[in-house]
Amino acid sequence: MALLDIKNLSVHFGTEARPIIAVEHLDLQIDAGEVVGIVGESGSGKSVTSLALMGLIDAPGRVSAESFSFDGRNLLTLPKRERRAMLGRDIAMIFQDPMTSLNPCFTVGDHLIETLAVHEGGSRKALRNRALELLTQVEIPDPARRMAAYPHQLSGGMSQRVMIALAIACNPRLLIADEPTTALDVTVQAQVLELLLRLQRERGMALMLITHDLGVVAETAHRVVVMYAGQVMETGKVPSIFTQPRHPYTEALLSALPENNIGRERLQTIPGVVPGAYDRPQGCLLAPRCQYAQESCRTTRPTLASPDAGSQVRCFFPLHTSGPKE
Amino acid sequence: MISFFLRRLGVLIPTFLGITLLVFALIHMIPGDPVEAMSGERGMDSARHAQLMTEFGLNRPLPVQYVDYVFKAAKGDLGRSIVTQESVMREFLDRFPATFELSLCAITFALTIGIPAGIIAAFKRNSVVDYGVMGVSLAGYSMPIFWWALLLILFFSVQLGWTPVSGRIAVEYDPEVVTGLMLIDSLLSGEPGAFRSAASHLILPTIALGTIPLATLARMTRSAMLEVLGEDYVRAARARGLSPLRVLTRHALRNALIPVLTVIGLQVGTLLAGAILTETIFSWPGIGKWMVEAIHRRDYPVVQGGILLSATIVIAVNLIVDMLYGVVNPRIRHQR
Amino acid sequence: MNTSNSQLTVAEEGISAPPSPLAELWRDFRRNRGALIGLTLVGLFIFMALFANWIAPYSPIEQYRDSILAPPAWVEGGKAQFLLGTDPVGRDMLSRLIFGTRLSLLIGIISIGLSMSIGIVLGLTAAFSGGKTDTGIMRLMDVLMALPSLLLAVAVIAVLGPGLMNAMYAIAIVQLPAFVRLTRASAIAERSRDYVTASRIAGAGVLRLMFIVVLPNCLAPLIVQGTLGFSTAILDAAALGFLGLGAQPPTPEWGSMLASALEFIQSAWWVVSLPGIAILLAVLAFNLMGDGLRDALDPKLKR
């Protein structure tokens, strides 16, 4: 039984009559202790999926799903209060921009102590010690002094470490990291990622790593989910998904990586853009941009199929099914 | 923090000197010379005219007169009223508590209703409640307060007979002046009816004077809250499982109140300006009524002094607000 | 105004400019119901002001001695020929209110026009000269800002003496700091843009830079401030009239109409209520329109 089990999740914005589809028919399972990378271009629905998971989609957004359970508990029917209690305790999240994700009026210590007090309680002194310990765990030097620092006195990398400390404060079983390194300096990115993975290993928590950087995923994840325009295009294990991508989109993403373009004059790109809110193709969502698209791809939409255990693909003509194609 | 205070003070000194210059110029910009202006249409023989010019020191060069004025003003000497021959400072201090009491009640009224209304409107954005709060506050913002005051009198005093029409307290009570604040003085007098009378006299002027600050605060609070509620740290706080109430009161409100605080500071000017109208209508013996009467009587020293002192109050309050701003906003506090 | 608006929007929208920037402004403005109500009311007031001579049934100062304090026509004892009743000396309320519209709009136009043009010149001068001139102008504005609005107006009247024209000057002075600060702030922001540097390199003089290159791009916030200032001007003029420091009787100014009828507040509600409603509606109209304009012009609030 998976720790997180999502079946047929849809998130719509806009009006009932003219919905804007952010995510549709999304299936996602994450096992305990598993690292799952979610990749896709901007606007592919990665972040919306994670916000839906956290119950942070506000009106006019609408979330619906066949199954939406965490540790056997249905998140959609759970009373609000209980669901909230799970946030920060069982499921935690860190965001893209750490500099704006900390309240400018509160010190680092205020943030940590508040979160610990809400979920675990205890004496002020005990909470303070726990907070100090957490700062040490995220490798913040001189934690006692940092406790009194305000967010504007911290660097981006330092802020993200504080955000991570906040996220792991109550030993969550699933940590969602939404582009945790995108807003940071290149030099700190690797350090923060390494920290995240070390904490994941030590604590055996599941990690949902949302990113548009396939390189990061290749090095860290056990499994990859490729999203496009609100749909899952392909899921597969690492490294097979990188050596034998089944979906043309995955293949295109891989061939756009700089390391796969060594010796070429120009970087390969994917022509066109992600479909907008009101111009979603009738057939396969990728059809207008797909070099393999056939007539049937333009008229009917493929479903997610499982060619073999541990992988899924949404394509009528998957690649690499009987040996490499190209 | 202290250096922050001193820096602010440093900026204010030229402003303050500018105001004294403006107020000083006021009396010299009046067509004719000041003595002529003071004497009005009655006219005056030239001997008396010359005597008064010497008496007021008006024959000296202007820069000398100005420096003299500033030094006297610094010592609290703002001259004497032409009409009553009373010291302007004395008259001001006698009347100020009445205006202070009324303004305090008005701003309390505005804060206790305006800020919660703005918060609720922001929280229930685009709901009936939001439209209601915004509609009422727009009307309040556009209200001519002298007319609003008359409507209040017409309805509550004339129609319903609930509240008195004018003054600070019924004539049968005459509590000894201790603080100058009628609510406190009437309590100290020990007469049970006195406090009730003082309070009932305050209700309508408070509403009349507090309406514009209330409307402004409700609008400002709403927009500040809306801005803050869309911030990343609010989303992050929710993602940590904090209750909506906690997110609203601890994380959002604290940040939203920073701009609102500035607006509260600006209301002091609105209150003093509004006091001119409110006090005239309710015969409230404060500095607003005092100044309007002084203008009608061409009592220029009073007008001069009143303007200078009002400006001083505005400047002082804004300095205090700046200080508070530093306290609530860590980013300002740590600026060096 | 039209050309400057279009320049502004094009600058913001870049290459993907929609058919007409003015049409886009109108589209955003129209979506705001409050703004439309405001615009309609403003249109109505302008119409009344322009055609007061034809619309008003009577002269605003003609006294009908046999109909003193006649109530509005629909009230018992009202006369059909005086639709909104008459005042304490038998003048037709409706006619006075209609002519009052003309006066209020005139006060707004003159005081805001004066304030805005002086404010723009001072603001641009401050922004372009910098140094001592800049500090001097801004300090002077600080001084004006330290004085509560109506108090400053009253002080100006104390010097100039009561009267309609002086009230307009007073209001213009009260509003001046807002225009100066706004112009200076936007001019400083624009001054460092590439298109200004380009004109400078092309040999444009300072005056040309100030008024022809930079100013049109600073107009959007100024128009909004002008509209909102218009409502404050009407309100302050009425307050001064009410205090007896603005328009003098028998001028049909709303504030002084209210003041002269004070003693009849209990016996003849219409003489007090109607001018007040007129002021409220006029102020409300300009506020609604100003808010709508701000929302439509402010790219930050645009979706």
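The values are calculated or read from the model by the stated rules, or taken from the named source; none is laboratory data. Only a predicted model underlies this, so the values are computations on that prediction, with no experimental measurement involved. Quick reminder, even Gly has a Cβ in these numbers, built from the backbone with ideal geometry, and neighbours come from all protein chains shown. With ligands, DNA and RNA removed, areas are computed over all heavy atoms of the protein, side chains included. Shrake-Rupley method; radii C 1.70, N 1.55, O 1.52, S 1.80 Å.
With contributions of -39500 (n - 2.57) from each DSSP H run of at least four residues, the per-residue ellipticity at 222 nm computed over chain A stands at -9000 deg cm²/dmol.
Descending by average beta-carbon neighbour count within 10 Å, the peptides A:78-91, B:103-116 line up as B:103-116, A:78-91, the highest first. Over chain A, Cα pairs under 8 Å with separation of 6+ residues give a relative contact order of 20 percent. Report, as a whole number in µm² per second, the diffusion coefficient that Stokes-Einstein gives for the stretch C:25-123 at 4 °C and 1.567 mPa s using the Kirkwood radius over alpha carbon pairs. Translational diffusion coefficient: 81 µm²/s.
In chain B, the calculated helix contribution to ellipticity at 222 nm averages -24000 deg cm²/dmol per residue, counting -39,500 (n - 2.57) for every DSSP H run with n ≥ 4. The residues of the protein assembly as shown expose on average 45 square angstrom of accessible surface per residue, using a 1.4 Å probe on protein heavy atoms. Surface composition of chain C: carbon plus sulfur atoms contribute 65% of the solvent-accessible area (1.4 Å probe, protein chains only, all chains present).
Roughly speaking, what % of Cα-Cα pairs in the protein assembly as shown are separated by over 36 Å, rounded to a whole number? Roughly 63 percent, once rounded to a whole number. Charge tally for B:Ala117 (other residues, Cβ to Cβ under 15 Å; Lys, Arg +1; Asp, Glu -1): +3. Using only Cα coordinates, the Kirkwood hydrodynamic radius of the stretch A:103-153 works out to 11.0 Å. Under Stokes-Einstein, with the Kirkwood radius over Cα pairs as Rh, the value for chain B at 37 °C and 0.692 mPa s is 143 µm²/s.
Over chain B, with every protein chain in place, what whole percent of the accessible area is carbon and sulfur at 1.4 Å, could you tell me? Intermediate results must be reported in sequence, preceding the final value.
Working: 10170 of 15590 Å².
The nonpolar share, carbon plus sulfur, comes to 65 percent.
Of the whole protein surface, C:Trp254 contributes about 0 Å² of accessible area at a 1.4 Å probe radius.
Among A:Lys46/B:Lys124; A:Lys46/A:Lys237; A:Lys7/A:Lys46, which pairs are too far apart, with a Cα-Cα distance over 25 Å? Walk me through the numbers before you get to the answer.
Working: A:Lys46/B:Lys124 28 Å; A:Lys46/A:Lys237 18 Å; A:Lys7/A:Lys46 15 Å.
Beyond 25 Å: A:Lys46/B:Lys124.
Could you estimate the translational diffusion coefficient of the stretch B:280-333 from the Stokes-Einstein equation, with Rh from the Kirkwood formula over C-alpha pairs, at 20 °C and 1.002 mPa s, in whole µm²/s? Present the calculation step by step, with values, prior to reporting the outcome.
Numbers: Rh = 13.2 Å.
Stokes-Einstein gives a translational diffusion coefficient of 162 µm²/s.
Across chain A, counting alpha-carbon atoms alone, Rg and Dmax equal 20.8, 68 Å. Overall, the anisotropy analysis places the stretch B:3-140 in the prolate class: the square-rooted eigenvalues a ≥ b ≥ c of its C-alpha gyration tensor yield a/c not less than 1.5, with a/b exceeding b/c.
Between chains A and B, what is the buried accessible area summed over both chains (1.4 Å probe, protein heavy atoms, nearest 100 Å²)?
Values: alone 15640 and 18440 Å², together 31740 Å².
In total, chains A and B hide about 2300 Å² from solvent.
Over the stretch A:1-152, all Cα pairs binned in 5 Å intervals from 0 give whole-percent P(r) values of 2, 8, 14, 17, 17, 14, 13, 9, 5, 1, 0, 0, listed from short to long.
Would you mind calculating the gained length between A:Glu41 and A:Arg145 on full extension (0.36 nm times residue separation, minus the Cα-Cα distance), in nm to one decimal? Numbers along the way, then the final one.
Working: separation 104, 0.36 × 104 = 37.44 nm, distance 3.97 nm.
Taking A:Glu41 through A:Arg145 to full extension adds about 33.5 nm, to one decimal.
The stretch A:169-227 and the stretch A:77-98 have Cα centres spaced 18 Å apart.
Using the Cβ-Cβ distance between C:Leu106 and A:Ala85 with R0 = 60 Å, the FRET efficiency computed as 1/(1 + (r/R0)^6) comes to roughly 0.40.
In the calculated pair distance distribution of the stretch C:129-176, what percentage of Cα-Cα distances lie above 17 Å? The share of Cα pairs beyond 17 Å in the stretch C:129-176 comes to 39 percent.
Rounded to two decimals, what is Rg over Rh for the stretch B:111-203 when you use alpha-carbon atoms and the Kirkwood radius? Before the final figure, lay out each step's value.
Values: Rg = 18.1 Å, Rh = 15.9 Å.
On the Cα set of the stretch B:111-203, Rg over Rh gives 1.14.
Largest first, the extents of the alpha carbon coordinates of chain C on the three principal axes equal 75, 47, 28 Å.
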